[in-house]
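This report refers to the structure that appears directly beneath it.
Read-outs throughout are calculated quantities, based only on the coordinates presented, and are distinct from any laboratory measurement. Keep in mind that what you see is a predicted model, and the values were worked out from it rather than measured. In this analysis, Cβ positions are derived from the backbone assuming ideal geometry, glycine residues included, and neighbour counts consider all displayed protein chains.
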Amino acid sequence: MTASCALQPVIVGAGPAGVRAAEALVAHGLRPVVIDEASRAGGQIYRRPPASLAQRSAQALYGFEARRADAVHAAFDALRERIDYRPDSLVWNAHGGRLDVLHGPTRSTSGVPYGQLIVATGATDRVLPVPGWTLPGVYTLGGAQVALKFQGCAIGQRVVFMGTGPLLYLVAYQYAKAGAKVAAVLDTARLADQLAATPAMLRQPAVFAKGVYYVAWLRAHGVALHSGVRPSRVLGDATESRVDGVAWHDGREERTLACDAVGFGYALRSETQLADLLGCRFEFAPLHRAHLPVRDAAGRSSVEGVYLAGDGAGIMGADAAEWAGERAALALLADHGVAVDTARAETLERKLHKLGGFRQGLERAFPVPSDWAAHAPDELVVCRCENITAGTLRQTVSVNGADEMNRLKALSRVGMGRCQGRMCGVAAAEILAHATGLPLQQVGRLRGQAPIKPIPIQLAACEPAGDAGA
Amino acid sequence: MSSIKTLRTDVAIVGGGIVGSSAALALRQMGIGVALLERDLCGSRSSGVNFGGVRRQGRPLSQLPLAQRAHRIWGRLPSLIGTDGEYLRSGHFKIARSESDMASLERYRSQSLDFDLGLELISDARLRERCPWLGARAVGGSLCVEDGQANPRLVSPAFALAAQRAGAQVFERHAVDEVAHDGAMFMLRSGNALEVHAPVLLNCAGAWSGPIATRFDEPVPLRSGNPVMVVTEPMPHFMDWSLGVEGGGIYGRQVARGNLVLGGGAGIAVDADRTRAGSDAIATLAAQAIELLPALRHAHFIRTWSGTEGYLPDRQPVLGPSRTTPGLFHGFGFSGAGFQIGPAAGEVLAELVRDGRSSTPIGAFSIERFFAEEPTTPTPP
């Protein structure tokens, strides 16, 4: 095991991928550094409430996912003493074998050197805005779920969920189970899409069955489910200070419904900023409608020593994240001369490969509305940090000839605000592609820049302390 | 197989930065035919990602005639390029942090009196009264009330667009792979896509100008520099002036939207084309920013970037005719200070093409200066 003695890999992210990667490394005698932005491990999907809150059961928090959540949490708890765990820590930059890390509670910065790195940065909601989405009371589906899981509260008394994707029904179900009034679920996908996708979805019968169950449960509990809708806008009260309702088009006419909060989203998008700063090569992935860091079947990126696992390199879901995390760790070990169970590695790759077909099915069942950009009105705010509208973006194309994302950003300010395009980039790219008539892949992607998330100047001013641990 | 497009024109320009683009515009206004080749997008490199300072104050005296000419161009920007590019004559204040800094600012003021920059020295109580937001280390400074700032992301591409509207043929995403000269005509080839033939060639390729100069036996010690820029979240507006510091280090300005744009230090060249702001440089800049503007203590950095600028050892550009090849003119190496004088450099290049001479003195920028001494071997870029 001489090779492993010198190895102290760093894992960024303690969701399902990061935890399983850490577990595999520990099993081979290593003590990885695990850096996570959250205060407790689990990632977004298995997010745990703060230790100070009254603990609800895993069943209450995660429903069908309780067993998986428990398993990931238990795996992590068992590792706790055998890893160098850095919670509440934001990796905000990376260069030359060093991660720049901001530690929230102590408000300190450090430089964490790495020789090998497993990037498991997860995902956020894919946001395609609708007029009125900047009203207080409008959340992403993921945000609505976090409120419930982490803070134990609902985003409103009477909530509408809209958009598309598996999360749509899951969150609606979780809200209804928790006692919130779910006024309606508005799905932009058509029933026909879902039927057509059924054969592919049946490749993961258990997952498919869960989806069917949520829909049936919601229906049985009187929740109005509408499919094939086109959201028109979120309605505000007279002062525009809170949500009053939603309006949508059902194919024949515009309909409205009163509510005081809206959760919306169109499945997920990968958090790829760190991979970008690390210099990983990106390619357009049609299935994900996004430029993603390239990884081989084992999780190796294009950069030596950098491995990618989980939703941060393409949305494959929590189960796949666990397998990919373990697989990436085995690849890292093997690449450094540590003997690993190759049969296990092959099994993991096979499982991941098999999931590909199911993912295709999901995409067919819940397609991103291809006419979103065409219907986005000029006055729609696309970039809420900088208040940039769809009309401004279109004008930047027609007047200035912008045909590429970074040019669009430079000329219009889209993506220049606090989110750095993490939230608005998807929508801006759709508008740009539509306005130029170019395929989405050709308009490119925003270049990653440090900081990945805003950093306090006062902390940035601290000379990053060298890191003793790694 | 698509056949290569061949084009004949009066002037070929390499580089769509602010110098090449403004030269293209000026040439078109003289009725001269232009083809401009830019390997990326016009104004997307240093011309578009620099700090955005539009200042004459602090420049070497030899640059002031050019800077004054540029000052007049900036004053009519909207009519020239169809946008104000967020250009504001907001004032530029150069800060002194010691009595000797102050003395050197006074010296500059007296030396530059002929150019009528209108410099005003401010110190002591008047300083605190005029700028209560300034950190305690500042003891005074020199204000140039008509200097200012602009948004380089908007200005530089707008020059190229204006040139195009005026009839210049602008080829973006056309890297120049080959330059030849048969004694009368230059030939520029971009891949298998384009060949441009012209009797005149302008070398305006910024930090990438070295190879063209070398191609015509004029190797100059051009090196690349990577300035670091950071921007804060928007803050309540408190500062009109664009700031610099005597002796260098940090510079800053607050844009209309409220963000502070700050620059200083050196970034990292990831490869020949890509640059980054490193965390050490960000740390230094952050510490200096808080010292300069204590209000920033509780703000956040939301974005950082760098770029690639061409520097010459004496920090003066090369602007003027080639010493070896008739019809070749250089305009590069502005050493981190090309944004303000870029449009004037473009006009000068156009004059050189049309008249063979410039109405603004440019002797200090001649490429001859690298070859005047004994024939040592200059470091090729």
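Observations, loosely collected:
- The listed peptides B:109-115, B:238-244, ordered by packing as a protection proxy, come out as B:238-244, B:109-115 (highest mean of other Cβ atoms within 10 Å first).
- Legend: calculated FRET efficiency, B:Arg223 to B:Ser98, from the Cβ-Cβ distance at R0 = 30 Å, rounded to 0.05, equals 0.50.
- Share, in percent, of DSSP beta bridges within the protein assembly as shown that are antiparallel, nearest 5: 60
- Packing here is the average count of other Cβ atoms within 10 Å per residue, and on that basis the peptides B:190-197, A:230-237, highest first, run A:230-237, B:190-197.
- Neighbour cut-off at most 14 other Cβ (10 Å), DSSP loop, GluC sites (Glu not before Pro), segment A:322-425: A:Glu379
- The label point for A:Asp341 and the one for B:Asp314, both projected 7 Å from the Cα toward the Cβ, are 7.3 nm apart.
- Note on A:Lys351: lysines with a C-alpha under 22 Å away, same-chain residues under 8 apart excluded, are A:Lys210.
- Neighbour net charge for A:Ala428 - beta-carbon separation under 12 angstrom, K R +1, D E -1: +4
- Label point at A:Glu304 placed 7 Å out along Cα→Cβ; residues across segment B:254-291 whose backbone nitrogen lies under 17 Å: none
- Other residues whose C-beta falls under 11 angstrom from the C-beta of B:Ile341 contribute a net charge of +3, scoring Lys and Arg +1 and Asp and Glu -1.
- Gap separating the Cα centres of segment A:165-180 and segment A:182-214, nearest whole Å: 14
- Amide H contacts of A:His291 (H built 1.01 Å from N, under 5 Å, at least 5 apart or other chain): A:Ala285
- Beta bridges from DSSP with both residues in chain A: antiparallel share about 50 percent, rounded to the nearest 5.
- Excluding same-chain neighbours fewer than eight residues apart, the aspartates and glutamates reachable from A:Lys177 by a Cα-Cα span under 19 Å are A:Glu65, A:Asp260.
- For segment A:104-109, 3J(HN,Hα) per residue [Karplus equation, 6.51 cos²θ - 1.76 cosθ + 1.60, θ = phi - 60°, Hz, x = Gly/Pro]: x, x, 8, 6, 10, 10
- Cα-Cα separations in chain A greater than 29 Å, expressed as whole percent: 49
- Kirkwood hydrodynamic radius (C-alpha pairs) into Stokes-Einstein, the protein assembly as shown, 20 °C and 1.002 mPa s, D in µm²/s: 73
- Using the Cβ-Cβ distance between B:Val139 and A:Thr239 with R0 = 56 Å, the FRET efficiency computed as 1/(1 + (r/R0)^6) comes to roughly 0.65.
- Residues B:Met185 and A:Arg230, FRET efficiency given R0 of 56 Å [Cβ-Cβ distance, rounded to 0.05]: 0.40
- Couplings 3J(HN,Hα) of segment A:328-337, computed from phi: 4, 5, 5, 4, 4, 4, 4, 5, 10, x Hz, in residue order, whole Hz [Karplus 6.51 cos²θ - 1.76 cosθ + 1.60, θ = phi - 60°; x for Gly and Pro].
- Our helix-only sum for chain A, with -39,500 (n - 2.57) per DSSP H run of n ≥ 4 divided by its residues, gives a mean residue ellipticity at 222 nm of -11000 deg cm²/dmol.
- Considering only A:Ala298, B:Gln149, B:Phe334, the residue lying farthest towards the positive end of the dipole of the protein assembly as shown is A:Ala298, judged by Cα position with unit charges set on Cβ.
- About its Cα centre, the protein assembly as shown has a charge dipole of approximately 1700 debye under the convention of +1 per Lys or Arg Cβ and -1 per Asp or Glu Cβ, with nothing else charged.
- Net charge of Cβ neighbours under 9 Å - reference B:Glu246; Lys, Arg +1; Asp, Glu -1: +1
- A:Gly263 long-range amide H proximity, modeled H, under 5 Å: A:Tyr139, A:Val160, A:Phe161, A:Met162
- The phi-based Karplus calculation (6.51 cos²θ - 1.76 cosθ + 1.60; θ = phi - 60°) puts the 3J(HN,Hα) values of segment B:154-166 at 9, 5, 5, x, 5, 4, 5, 5, 5, 4, 5, 4, 7 Hz, whole numbers, x for Gly and Pro.
- Mean partner shielding of peptide A:396-408, defined as the number of other chain Cβ atoms within 10 Å of each residue Cβ, is 3.
- Translational diffusion of chain B, µm² s⁻¹ [Kirkwood Rh, Cα pairs; Stokes-Einstein; 4 °C; 1.567 mPa s]: 61
- Check: segment A:298-356 dipole with +1 on Lys, Arg Cβ and -1 on Asp, Glu Cβ, in debye: 140
- For A:His95, the residues whose amide H sits under 5 Å from its own are A:Asp100, ignoring neighbours fewer than 5 places away on the same chain, with H placed 1.01 Å from N.
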